1. Could you tell me how many of the residues in the stretch 72-118 are among the hydrophobic types (A, V, I, L, M, F, W, C), over 24 Å from VAL158 (Cα atoms) and part of a loop (DSSP other than H, G, I, E, B)?
2. Between a residue in the stretch 172-193 that is among the β-branched types (Val, Ile, Thr) and any residue that is modelled with pLDDT under 95 and assigned to a strand (DSSP E or B), which pairs come within a Cβ distance under 6 Å, given they are 6 or more apart or on different chains?
3. Do the conditions hold for GLU191, that is, is it among the charged types (D, E, K, R), at pLDDT below 95, farther than 30 Å from SER70 by Cα and within 16 Å of the chain's Cα centre (by Cα)?
4. Under 7 Å between Cβ atoms, at least 6 apart or on separate chains: pull out the pairs that start in the stretch 47-67 with a residue that is of a type in the set (Lys, Arg) and end on any residue that is crowded, with 16+ Cβ neighbours inside 10 Å.
5. So in the stretch 120-157, with the set limited to residues that are assigned to a loop (DSSP other than H, G, I, E, B) and among the acidic types (Asp, Glu), which one is farthest from PRO179 (Cα to Cα)?
6. Kindly provide the set of residues from the stretch 142-168 that are among the hydrophobic types (A, V, I, L, M, F, W, C) and surrounded by 12 or more Cβ atoms within 10 Å (Cβ to Cβ), ordered by number.
7. Do you know which of the residues in the stretch 99-152 that are among the hydrophobic types (A, V, I, L, M, F, W, C) and at pLDDT below 95 is nearest to the chain's Cα centre (by Cα)?
8. Out of curiosity, is VAL34 within 20 Å of ARG133 (Cα to Cα), hydrophobic (A, V, I, L, M, F, W, C) and surrounded by 11 or more Cβ atoms within 10 Å (Cβ to Cβ)?
Amino acid sequence: MDDHFYEPRLGHGLPHDPFKAIVAPRPIGWITTVDEQGRVNLAPYSFFNAFNSSPPIVGFASEGRKDSLSNVEATGEFVCNLATRPLAEVMNRSSTPLPHGESEMELAGIASAPSRLVRPPRVADTPAALECRLLQVVPLRNLEGEAVDTHLVLGQVVGVHIRGAFLVDGVFDLRAARPIGRCGYRGDYAEMGEMFEMFRPTRR
């Protein structure tokens with residue numbers, strides 16, 4: 001069978017856009033924010049990742065102007081909660097579109113816990129959460145320089161919560177945490193599977 005090639009600007013010619021399935025699995029940024037009145041918003045973002053280690057910087061991209069983006073711009077703070085297999089169903093329910101000011105945490109029955117350094121709460125049952133302060137919001141543009149209705153939110157991690165049960169000999173136990181990622185465009189997710197160890201080579 002011949003390879004399938006396409007230019008995204010001309011269309012893919014397939015039943016579904018394969019881009020999101022090719023770049024996968026993608027970590028899920030389960031983002032907690034508050035608006036200026038202190039009302040809590042919780043939403044999962046599959047365009048999320050870490051971008052630097054020292055200082056630790058994470059980012060998520062909002063396709064469209066959603067409440068998370070507006071809240072971060074207004075308050076300068078957010079929390080990334082680790083999405084895991086035991087929390088997958090409530091994480092998915094927290095993606096329900098709600099009117100501004102209504103709580104996804106209440107809708108999905110998700111318990112919250114206070115953060116230490118930022119106003120947004122964290123998901124109480126997550127194995128780990130990252131308290132973040134906003135560094136910048138980057139409006140994305142295409143090759144023609146035209147604005148894309150997507151904004152990349154970059155934040156510096158100022159506080160890290162790890163539940164004690166997931167620290168083993170001083171190491172965060174990923175296997176026990178069971179993180180999940182987004183895989184494609186048809187409701188596909190993946191739980192972290194087999195791990196293997198490989199060290200980077202040193203200069204000869």
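1. Number of matching residues: 1.
2. Going by the 6 Å Cβ cut-off, the qualifying pairs are ILE180/TYR189; ILE180/GLU191.
3. yes
4. That search, which allows pairs on different chains as well, returns LYS66/ALA43.
5. This residue is GLU144.
6. Passing the criteria: LEU152, VAL153, LEU154, VAL157, VAL158, VAL160, ILE162, PHE166, LEU167.
7. It comes out as MET105.
8. Judged against the criteria, VAL34 is a match.
The values are calculated or read from the model by the stated rules, or taken from the named source; none is laboratory data. This one's a predicted model, so the numbers in the text were calculated from it and none came from an experiment. All Cβ positions, even for glycine, are placed from backbone atoms using ideal geometry, and neighbour counts span all protein chains on display.
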